[in-house]
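Asks: Following this message is one structure expressed as structure tokens.
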Amino acid sequence: MAAGLIVLAGWQFHSSILKGEILGTLVAPSSAVCFILCSASNALQIAKRRWLRRLGWLAGLTVIISAAVATAEYIFQFSLGTNRWLSPAWLVKWRIPPDLGMGEGAALAFLLAGLSLVTFRKQRGRPYTEIFALLMLLIAYQSVLTYLYSSPSAYGRLIPVPDLLLFCCTSVALLCGASRHMILESMLSPFAGAVASRRMIAAIALLLPAIGLVALWTERAGWLSPGLRMVLTTVAAVTVFTILALRTAVVLNETDRKRVETEAALLKSEKLAAAGRMAASVAHEINNPLEAIGNILFLLRSTNLPDDVRLRYLHVAEAELVRVSAIARRTLGFYKDEVKPTEVNLRAAIESVIDIYRPKLQGQLKVRTAYCPDPTIVAKEGEIRQVLTNLVSNAIDALSASGGLLDVSVRRSGRHLFVEVKDDGPGIPPPSLEHVFEPFYTTKKEIGTGLGLWVSKELVTKNGGSISVITSTNPKDHGTIFRLSFPVLHKRTAAASEASPAISA
């Protein structure tokens, strides 16, 4: 705004410096008025009062109308005196030349500036304010190249030198003041994609024009023929972009390598955390048979028992040892890393998980299971068990406060098997629902790592399946369902029959 007022003062007091006379160009009064309207609109639209924002929007609309009329005058070769009626009446006495006004490039730039201003407060959809501001900056950049390559015939069609500086300042102001910064944040972010884009833009904006300028200078000096100049320019441009492409590939590959290593470390961390949680349940389950064996050994050592009673005690101890051995084998197989996928019976996997958590399922918690015939998939069994362990553990945690029903079922529909782990707990609140599969997000601050569901999703996807969640916090119908989907092992032509549920406490 200050620059526009300075230009008007220059016209009023016949000051060439204030009018911005550089390289045979100057700022027209009509352009100065539009710059004042743009800055005023920008300042008003960030105000808190609604009527000020509306006034700023009207100022932007005025810029659009003025620039659109001026553009139409150039396209259709007629004159409505736009450059005259945009100039203050008190400047007429200074005999402004009739052809002095915003050029074609300036009119188009002002049109983009106005469009950026009228979309300044837009909160949804595409970032039009940033798009129009960047296009305006592109027109200014094109004008810079025109002056750099010494093309006087295009001066009137593009933007005068002082206007270039004002348009650049206006573009930056619009980019910084916009209600959203989608493009700006993506370009300035520290991530690999943004770094690569900044390097490419720098090459396009600086190196290529420099190559063109050197080629033009050698041709004017008579050192190179036009054909040889074109060949050398093309080779130089290809070399620059090849170097940038290779450098970008190295950066992105290194970023991807670090991401893969980080994800692998997180998977291992969650596997260890899950193993630790399960170890508590296993220890509790093993403790009971070990105590029974200890009591039997005490009785056998401290009393004189008949042979038949002694033999019966030995059989009980042997049965308890078999039970401990079975628990140990089942636990060791939980996180075994298979090299290749194998056939996995989902019923057996689910039953083994429920057996591990059996000590936690005492009291008010009930378990109901239902399986379709032959629930077999091809996957890595240890990873499928880990997913089921995470889902069952979460369901038990949701039910542990007030009790309830844990419902685990496997059904077939078409060529897919669906595993549902359902609980009638309090449900997942809507603010948390959209983050449940994100790493390090947990509602169990004291015991949760925030990796269980994220790891589960990664493992399910890795084994060719998908996972989804349905939840409700309605007091009358609350609960959560995690649904896994896997392709069946073989094609089935007959419709799947539903199994009758088996209920256990």
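The values are calculated or read from the model by the stated rules, or taken from the named source; none is laboratory data. Everything quoted here is computed from the prediction, not taken from an experiment. We place every Cβ from the backbone using ideal geometry, glycine too, and count neighbours over all the protein chains shown. Side chains included, ligands, DNA and RNA excluded: accessible areas come from the protein's heavy atoms. Shrake-Rupley method; radii C 1.70, N 1.55, O 1.52, S 1.80 Å.
Asks: Inspect region 74-81 for any residue being under 18 Å from LEU166 (Cα atoms), in a helix (DSSP H, G or I) and either modelled with pLDDT of 85 or more or not aromatic (Phe, Trp, Tyr) (or both) and give the result as yes or no.
Replies: So far as region 74-81 goes, no, none of its residues is under 18 Å from LEU166 (Cα atoms), in a helix (DSSP H, G or I) and either modelled with pLDDT of 85 or more or not aromatic (Phe, Trp, Tyr) (or both).
Asks: Further question on the same structure: Pull up region 376-412, narrow it to residues that are among the polar types (S, T, N, Q) and either touching a strand residue (DSSP E or B) at 6+ places or on another chain (Cβ under 9 Å) or under 14 Å from TYR357 (Cα atoms) (or both), then point me to the one that is most open to solvent (accessible area, probe 1.4 Å).
Replies: SER400
Asks: Those residues that are part of a helix (DSSP H, G or I), hydroxyl-bearing (Ser, Thr, Tyr) and open to solvent by 30 Å² or more (accessible area, probe 1.4 Å), I need them from region 169-187; list them, please.
Replies: SER186
Asks: Exactly one condition in (1) under 30 Å from TYR128 (Cβ atoms); (2) without any contact (Cβ under 8 Å) to a residue 60 or more places away in the chain; (3) open to solvent by 40 Å² or more (accessible area, probe 1.4 Å) is not met by VAL214; state its number.
Replies: (1) is the only condition that VAL214 fails.
Asks: Anything in region 358-375 that is at pLDDT 75 or above and either open to solvent by less than 50 Å² (accessible area, probe 1.4 Å) or of a type in the set (A, V, I, L, M, F, W, C) (or both)? List them, or say none.
Replies: Matches in region 358-375: LEU365, VAL367, THR369, ALA370, TYR371, CYS372, PRO375.
Asks: Looking at the structure I just gave you, is LEU166 assigned to a helix (DSSP H, G or I) and either at pLDDT below 80 or open to solvent by less than 70 Å² (accessible area, probe 1.4 Å) (or both)? Before you say what the answer is, go through the steps one by one.
Replies: Numbers: assigned to a helix (DSSP H, G or I): yes; either at pLDDT below 80 or open to solvent by less than 70 Å² (accessible area, probe 1.4 Å) (or both): yes.
Taking the combined requirement at face value, the residue satisfies it.
Asks: Restricting to strands (runs of 3 or more DSSP E) lying wholly in region 345-424: which have 2 or more residues that are within 37 Å of the chain's Cα centre (by Cα) and under 20 Å from ILE481 (Cα atoms)?
Replies: Per the criteria, 404-413, 416-423.
Asks: Same structure, new question: Based on what the data block shows, is PRO190 surrounded by fewer than 16 Cβ atoms within 10 Å (Cβ to Cβ), closer than 30 Å to THR248 by Cα and at pLDDT below 75?
Replies: Taking the combined requirement at face value, the residue satisfies it.
Asks: Within region 258-265, does at least one residue satisfy the condition of being at pLDDT 70 or above and either on the phi > 0 side of the Ramachandran plot or more than 29 Å from the chain's Cα centre (by Cα) (or both)?
Replies: Scanning region 258-265 turns up no residue that is at pLDDT 70 or above and either on the phi > 0 side of the Ramachandran plot or more than 29 Å from the chain's Cα centre (by Cα) (or both).
Asks: Still on this structure, please answer the following. Is it true that LEU134 is of a type in the set (A, V, I, L, M, F, W, C), more than 18 Å from LEU26 (Cα to Cα), at pLDDT 85 or above and open to solvent by 30 Å² or more (accessible area, probe 1.4 Å)? Steps first, please.
Replies: Working: of a type in the set (A, V, I, L, M, F, W, C): yes; more than 18 Å from LEU26 (Cα to Cα): yes; at pLDDT 85 or above: yes; open to solvent by 30 Å² or more (accessible area, probe 1.4 Å): yes.
Spelling it out, LEU134 is indeed of a type in the set (A, V, I, L, M, F, W, C), more than 18 Å from LEU26 (Cα to Cα), at pLDDT 85 or above and open to solvent by 30 Å² or more (accessible area, probe 1.4 Å).
Asks: Additional query: Taking HIS315 and the conditions (1) at pLDDT below 75; (2) assigned to a helix (DSSP H, G or I), which numbered condition does it fall short on, given that it satisfies the others?
Replies: (1)
Asks: Same structure, new question: If PHE13 meets every condition in (1) more than 41 Å from the chain's Cα centre (by Cα); (2) within 17 Å of ALA109 (Cβ to Cβ); (3) surrounded by fewer than 22 Cβ atoms within 10 Å (Cβ to Cβ) apart from one, which number is that one?
Replies: (2)
Asks: Then there is this: Could you go through region 415-431 and let me know if any residue there is more than 18 Å from THR471 (Cβ to Cβ) and buried (at least 23 other Cβ atoms within 10 Å of the Cβ).
Replies: Yes, region 415-431 contains a residue that is more than 18 Å from THR471 (Cβ to Cβ) and buried (at least 23 other Cβ atoms within 10 Å of the Cβ).
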